[in-house]
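Enquirer: This structure is in structure tokens; I'll ask about it shortly.
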Amino acid sequence: MLIGTSIPLPVLQAEIDAFGEVREIRRLRPLGCDEDRQDFETALGRLARANKVLAACSPKLVVTPGSAA
């Protein structure tokens, strides 16, 4: 996670959102019940939106389910 006052607020928020969605994606099972699948897909969409903001700042900031601790 980035720390600093020079980082724009939308980028910081996107980073927080991305890590939160990664935790949600890891918790859900994509092959589970219909509700789990819908929640999984929603979390993937939110992660994609957050990554779009992060990538606009720097492609190195993109968060994937395997890259987040």
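Enquirer: Of all accessible surface on the chain at a 1.4 Å probe, what whole percent is carbon and sulfur?
Expert: Carbon plus sulfur share of accessible area: 58 percent.
Enquirer: Oh, and also: Ignoring ligands, DNA and RNA, what accessible area per residue does the chain give at 1.4 Å, in Å²?
Expert: That works out to 70 Å² for each residue.
Enquirer: Moving on. For the pair V62/L9, report the inter-label distance in nm, with labels modelled 7 Å from Cα in the Cβ direction.
Expert: About 2.8 nm separates the two model spin labels.
Enquirer: Further, regarding this structure: In vacuo Debye scattering of the chain, one point per C-alpha: log10 I(q)/I(0) at q = 0.12, 0.18, 0.25 Å⁻¹?
Expert: Results for the chain at q = 0.12, 0.18, 0.25 Å⁻¹ read -0.32, -0.64, -1.03.
Enquirer: Please compute the length gained on full extension between R23 and T42, using 0.36 nm multiplied by the number of residues separating them and subtracting their Cα-Cα distance.
Expert: In short, 5.5 nm is gained.
The values are calculated or read from the model by the stated rules, or taken from the named source; none is laboratory data. Owing to the predicted nature of the structure, the values given are computational and were not obtained by experimental measurement. Cβ atoms come from the backbone with ideal geometry, glycine included; neighbour counts cover every protein chain shown. Quick note on the areas: whole protein, heavy atoms, side chains included, nothing else; ligands and nucleic acids left out. Shrake-Rupley method; radii C 1.70, N 1.55, O 1.52, S 1.80 Å.
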